[in-house]
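Only one structure is covered here, and it is reproduced in the block below.
Just so you know, all these numbers are worked out from the coordinates, no wet-lab data involved. Everything numeric in this text was worked out from a predicted model, so none of it was measured. Heads up, the Cβs are rebuilt from the backbone with ideal geometry, glycines too, and the neighbour counts pull from every protein chain shown.
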Amino acid sequence: MNKEERLIKRYKAEKRFQFYGKAAIFMALLFLVVFLTKIFSTGYTAFQKTWLVIPVNYNADLLYLDPDKKPTTEDINDADFYEFGIETFITLDPDASEDQIMELKKMFAFTFERELKYYLLDNPDSFGKTVDVKLTASDDLDQVFKGNYPRDIPENRRRASDYQLKIFDKLNEDGRVISEFNASFFTNADSREAELAGIASSFMGSLFSILVCLSIAFPVALLAAVYLEEFAPKNRFTDFIEVNINNLAAVPSIVFGLLGLGVLLAVFGLPRSTPLVGGITLSLMTLPTIIIAARASLKAVPPSIREAALAMGASKMQTTMHHTVPLALPGTLSGTIIGLAQALGETAPLILIGMVAFVNTIPGTPMDPAASLPVQIYIWAESAERGFVEKVSACIMVLLFFLIFMNLGAQLIRHKFEKKWN
Amino acid sequence: MNSVIFLTIVLLALSSYFFGRKKAILIQSNKRLTALPKFYGYYLAIWCGAPAFLLYALWSIFEPSIVRFFILSDYSSQGLLEGELNLFYEKVKSLSRNQYSGELTAELQRSAEKYLNFRDIAKWSKVVIVLSLLIASTGYAYTKISNNTKTREPVEIFLKGVFFLSSLAAILTTIGIIFSLLFQTIEFFQVIPLFDFVFGMHWYPAKAFVRDASEALDPSMYSDTFGAVPIFAGTFFIALIAMCVAIPIGLLSGIYMAEYASKRLRQYAKPVIEILAGIPTVVYGFFAALTVGPFLKDLGLSLGLEVSAESALAAGGVMGIMIIPFISSLSDDVITSVPQNLRDGSYAMGATKSETIKRVIIPAALPGIVGSILLGVSRAIGETMIVVMASGLAANLTLNPLESTSTITAQIVVILIGDQQFGDPKTQAAFALGLSLFIVTLVLNIVALSVVKKYREKYE
């Protein structure tokens, strides 16, 4: 091998190495793109909800009400809308057999009773008339309409039967199947039925946990950072605290869950499954993150500021509280937001303290049992129904939205309010 | 009631600030003060709030166990087991809240009345004692302040004390973690021999069904149930798969970012890659279970391989993607901090850029790179949700990445999801696993952090 050949070989190796580096970055970006595309493509349909608009005859006889008198609210509340609903569904196919009637009923969400009732309560004039009423379609038909269920497989492997599909197609031809923005996804609590399940309860759970976490972690971490950076003597004990904080930042989150379970629930007897306990557990987890951020921004305040204050006769405490801490606040706040964003996405510790309970009410205080957004993702991902897959993806989209929002907020605070010292 | 007392303390402390300041201003009209009037306010507010709050907090912590002691002291001579006493006390409490639906006995009724009575006494004596302490301490401080009382210094010492206590929070958390894990683990090893746990080859916690709390423990029931070898092996195996994905991609992209990338690419690509680290792990778990698992299964079928839908490969691979940014940004930092004169020396000898990187920069940066990899391993071992959702929950002892295995973290979740029964070996087993996880990650972190720290010092 002569000189030129060797040089060519070396240059080739150089090109190869560069290519590997580019390929690695490309791979990492590709993963992110595939990942986000997958989540969005499975999730965006959850923001649409399928309704069936069917003609309903609010006939007094069918409701067992007096036809000559306008019914009061109480009359309507007492009326039996289940039987009325079944009678209404039969009008879709008057020749339906017993079994087919049950299939007709299953084309609608089980809340049809309530929906029929509330329509009449809101529109008392429709009593005795035939009107078009919008009813929530069942999860299966919702998925068929969105194209998530294949229709061309044998009937016994399908959730929606041939008969249901026939009626559904007929309604669709008449323009009686409509798709609208799914507001109930944001206002409903969790439900066993995919078409009714919403994120309101887990959203409130997350909100309460984060508020509890913020109100504990932020003050404690800020004061701790101030002590360590401004007041602490340099000795073995403060070194020990420092090592401790660094190690705590790298402890797996599930260990904090065990701490919450073993100490907060078992020793202090705080109520299980509540955002209060979840928030305390998360605050212990975010504490080191915020302390580290706060110390870094206290360190960044130039000593001349402190010296100037001291020279004017301020005490050490006044110097710190009036000058150093306010200047370090933007950095601390952005570190806090980043820590809270981590806490918001945390699942494992919350599972251990029981925040996986099925909660179908919206919690009003941090002492009520609740789930949280990531735990909701876990719960829905573990259930078998296809309808929940799009809900999971949609819930992930909501969660990612908040995380992006918080991180951008942290960046904004940092760029806008942090003073640059040269 | 508790929140009322708390709010009263806070409000009284706030209002005593104004009294203190007013008194200082009055004094100021004819004498010189030693501190600003507001310090007199702070001084009084602290004297008003702090002792009362401390007493209130201690009282609230100890009240339940004292009441419990008095109620159960009637039954202490009957030789009842701890579990029975607990059960009885729970019944008493629910009866006193009118939520009891079981069988009523005279004893139970008597104790419930006694319980309500005690709670009432405790509540009112708490109010009276806390408030009288508050009035006494405030009155003492109020009469004490004059023109030459030192007020600024005590206030600042108090604040410093509060700051110091806050800095102890991190230590308290560590102590809390160690104690909660250690107590349960020690109890666990009293039933299951340590040797069986560390070297046992079978892990079937489901075999240890929920037992009757009043019966004594039978250790033979648990033999061959809690052998942790399969899950230790599974944990390291999945972490190994994750590192096989994360190290090459993370390291190469870190090198490229540090040495080759233009400023613009760095500016945009770096934060985008770091998004991968900010995505919640439950989201990765869902992705692994929904997309990667079935994809690998189909791929395996077309190649004629038997791939489990919940394979170690799917969980480990996705975990590796999650760890890429940790390794890439840490190794990027480490490589950037290698002094420029090392590069210049190498170029002067005629080496190409990649030769310089491979023969000069990487050896120089090796401790830092190893540190970043160790931190990545510690992440992989502690990762929970991806494994829970994407890999199996049955602890198979296997080295085939296409089969499902389980990890320490996944088993903790499996055991503790739903209702736990404290004092049961199954629950304690989860804490024993937690302790082993804590120790392993702690050692990894300490080693990694000290390696990185030494490396930084070398070039600074």
Next on the checklist: On a straight-distance basis, which lysines could pair with B:Lys458 in a cross-link, Cα separation under 29 angstrom, same-chain partners fewer than 8 positions away excluded?
Outcome noted: A:Lys234, A:Lys299, A:Lys420, B:Lys263, B:Lys270, B:Lys353, B:Lys358
Checklist entry - In a shell of Cβ-Cβ distance under 12 Å around A:Val53, excluding A:Val53 itself, what net charge do Lys and Arg (+1) and Asp and Glu (-1) give? => result -2
Checklist entry - Check B:Gly200: other-chain or 5+ apart residues with amide H under 5 Å from its amide H, H built from backbone geometry? => result B:Ala228, B:Val229
Checklist outcome for this item: Shielding of B:254-261 by other chains, given as the mean Cβ count within 10 Å, works out to 4
Checklist outcome for this item: Residue span A:Val267 to A:Asn148: 0.36 nm per residue of separation minus Cα-Cα distance leaves a gain in nm of 38.0 nm
Checklist outcome for this item: Heads up, the protein assembly as shown by the C-alpha gyration tensor (a ≥ b ≥ c square roots of eigenvalues; a/c under 1.5 rounded, else a/b over b/c prolate, else oblate) looks oblate
Checklist entry - Among the lysines, which fall within straight-line cross-link reach of B:Lys31, defined as a Cα-Cα distance under 24 Å, with same-chain neighbours fewer than 8 residues apart omitted? => result B:Lys22, B:Lys23, B:Lys144, B:Lys150
Next on the checklist: Straight-line reach only, C-alpha to C-alpha below 27 angstrom: list the lysines that A:Lys106 could link to, leaving out same-chain residues fewer than 8 apart.
Outcome noted: A:Lys49, A:Lys117, A:Lys129, A:Lys134, A:Lys146, A:Lys166, A:Lys170, A:Lys391
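About the Cα centre of the protein assembly as shown, what is the dipole size in debye to 20, counting +1 per Lys and Arg Cβ and -1 per Asp and Glu Cβ, all else neutral?
Numbers: 76 positive and 78 negative charges, 1240 e Å.
Roughly 5960 debye, rounded to the nearest 20.
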Item to check | Number of partner chain Cβ atoms within 10 Å, mean per residue of B:171-178 | outcome: 6
Item to check | Projected label distance in nm at B:Val229 and A:Asn172, using a 7 Å step from Cα toward the beta-carbon | outcome: 5.8 nm
Item to check | Whole-angstrom gap from the stretch A:334-398 to the stretch A:213-230, using each part's C-alpha centre | outcome: 27 Å
Checklist entry - Rounded, prolate or oblate: which one fits the stretch B:2-167, using the alpha carbon gyration tensor with axes a ≥ b ≥ c (rounded when a/c is under 1.5, else prolate when a/b beats b/c, else oblate)? => result prolate
Item to check | the stretch A:23-39 versus the stretch A:58-114: alpha-carbon centroid distance in Å | outcome: 52 Å
Checklist entry - Amide H to amide H under 5 Å from A:Gln48: which residues, 5+ apart in sequence or cross-chain, H placed 1.01 Å off N in plane? => result A:Asn182
Next on the checklist: Between B:Leu397 and A:Glu155, what is the label-point separation in nm under the 7 Å Cα-to-beta-carbon projection?
Outcome noted: 5.2 nm
Checklist entry - Whole-Hz Karplus ³J(HN,Hα) for the stretch A:238-247, in order, using 6.51 cos²θ - 1.76 cosθ + 1.60 and θ = phi - 60°, x for Gly and Pro? => result 5, 4, 4, 4, 5, 4, 4, 5, 4, 6
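What is chain B's relative contact order, in percent, from Cα pairs under 8 angstrom and six or more apart in sequence?
On the way: 546 pairs, mean separation 72.7, N = 460.
Relative contact order here is 16 percent.
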Item to check | Rounded to 10°, Cα long-axis angle of helix B:82-96 versus longest principal axis of chain B | outcome: 60 degrees
Item to check | Within chain B: Cβ-based charge dipole about Cα centre, in debye rounded to nearest 20 (Lys, Arg +1; Asp, Glu -1) | outcome: 2960 debye
Checklist outcome for this item: Counting only residues 5 or more apart in sequence or on a different chain, those whose built amide H sits under 5 Å from that of A:Val133 are A:Ile54, A:Val56
Item to check | Gain upon complete extension [B:Asn148, B:Leu11; 0.36 nm per residue less C-alpha separation] | outcome: 46.6 nm
Next on the checklist: What is the angle, in °, between the Cα long axis of helix B:229-255 and the longest principal axis of the Cα atoms in chain B? Nearest 10 is fine, range 0 to 90.
Outcome noted: 70 degrees
Item to check | Cα centroid separation - the stretch B:369-433 against the stretch B:141-182, whole Å | outcome: 40 Å
Checklist outcome for this item: Row for the stretch A:37-79, column shape: gyration tensor on C-alpha, a ≥ b ≥ c, rounded if a/c < 1.5 i.e. under 1.5, prolate if a/b over b/c, else oblate; value prolate
Next on the checklist: Ignoring solvent entirely, what values of log10 I(q)/I(0) come out of the Debye formula for chain A at 0.06, 0.07 Å⁻¹ when each Cα is a single scatterer?
Outcome noted: -0.43, -0.55
Checklist entry - Helix B:106-144 versus the longest principal axis of chain B: what angle, 0 to 90°, nearest 10, using Cα atoms? => result 80 degrees
